[in-house]
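To start, the structure under review is shown below, and the notes come after it.
The values are calculated or read from the model by the stated rules, or taken from the named source; none is laboratory data. Please read these numbers as outputs of a predicted model, since none were measured by experiment. Cβ placement follows ideal geometry from the backbone for every residue including glycine, while neighbour counts extend to all protein chains displayed.
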Amino acid sequence: MSGTLIFLVVLAALVVFIIAIYNRLIALKNRFKNGFAQIDVQLQRRHDLVPNLVETARAYMTHERETLTQVTEARNQAVNARQAAKANPDNANAMGALGKAESMLSGSLANFFALSENYPDLKANQTMSQLMEELTSTENRIGFARQAFNDAVMDYNTYREQFPNNFIAGLFGSFKHAELLQIETPEARKAPSVSF
């Protein structure tokens, strides 16, 4: 009888241990999904500002239609990539595509800002100045949100890969490796050079 009792106690302890690991994995997964939701809010704000910025500049930059079109197309690609990543933030391919699309948008915006320096009337436009200031503020918020998201992803991946958590994560199959949100091109990380 005591052997059966010991077996049941060990079995109960094992079940409680597995439940604790499973619940921790769920909590960490939800934390990085929430982190992406914070990025999504800021990306939406960024994507909403870009058309206003382009429309404001359109009247001044009549000879720069190609640049304005490039910014608009990059914004549309970034919106589509954001929607795909929002639907499944633990999908590595969606995160990679989002990073690439946002990198293209950052590059086209940097090119746009550099060209806008050639138009003094545009630089003096109050609406343009406000939009650029809002966009800069949004870029900072995106950076902070991305850092928080990447920290949450790192915590999740680390916990998921530790022994014996990796067995539990593999047993349930819903705890796959999560991808960090990174800017893929080094050009987008550089500040545009502006000369006066």
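For the subset of the stretch 40-60 comprising residues that are in contact with a Leu (Cβ under 7 Å, 6 or more places away or on another chain) and more than 15 Å from LEU135 (Cα to Cα), which member is surrounded by the most Cβ atoms within 10 Å (Cβ to Cβ)? Applying the filter and picking the extreme gives TYR60. Taking the criterion of being in contact with a helix residue (DSSP H, G or I) (Cβ under 6 Å, 6 or more places away or on another chain) and among the hydrophobic types (A, V, I, L, M, F, W, C), the residues of the stretch 32-56 that qualify are PHE32, PHE36, ILE39, LEU43, LEU49, VAL50, LEU53, VAL54. Here the condition is being outside any helix (DSSP H, G or I) and within 27 Å of GLN182 (Cα to Cα); of ASP90, ASP151, it holds for ASP90 alone. Just one residue in the set ARG24, ARG82 is buried (at least 17 other Cβ atoms within 10 Å of the Cβ), modelled with pLDDT of 95 or more and part of a helix (DSSP H, G or I); that residue is ARG82. Only residues that are surrounded by fewer than 18 Cβ atoms within 10 Å (Cβ to Cβ) and either modelled with pLDDT under 90 or under 13 Å from the mean Cα position of the chain (by Cα) (or both) were counted in the stretch 61-78, giving 4. Number of residues in the stretch 126-150 that are in contact (Cβ under 8 Å) with a residue 12 or more places away in the chain and either of a type outside the set (Ser, Thr, Tyr) or on the phi > 0 side of the Ramachandran plot (or both) equals 13.
Residue under question is GLY107, and the condition is that it be surrounded by fewer than 22 Cβ atoms within 10 Å (Cβ to Cβ) and within 14 Å of the chain's Cα centre (by Cα); does it hold? No, not satisfied.
Of the set (1) closer than 15 Å to LEU53 by Cβ; (2) exposed (fewer than 13 other Cβ atoms within 10 Å of the Cβ), all apply to ASN140 but (1).
Could you go through the stretch 124-136 and let me know if any residue there is loosely packed, with under 14 Cβ neighbours inside 10 Å and over 14 Å from LEU49 (Cα atoms). Yes, the stretch 124-136 contains a residue that is loosely packed, with under 14 Cβ neighbours inside 10 Å and over 14 Å from LEU49 (Cα atoms).
Would you be able to say whether some residue in the stretch 90-100 is within 30 Å of PHE175 (Cα to Cα), at pLDDT 95 or above and among the acidic types (Asp, Glu)? No: zero hits.
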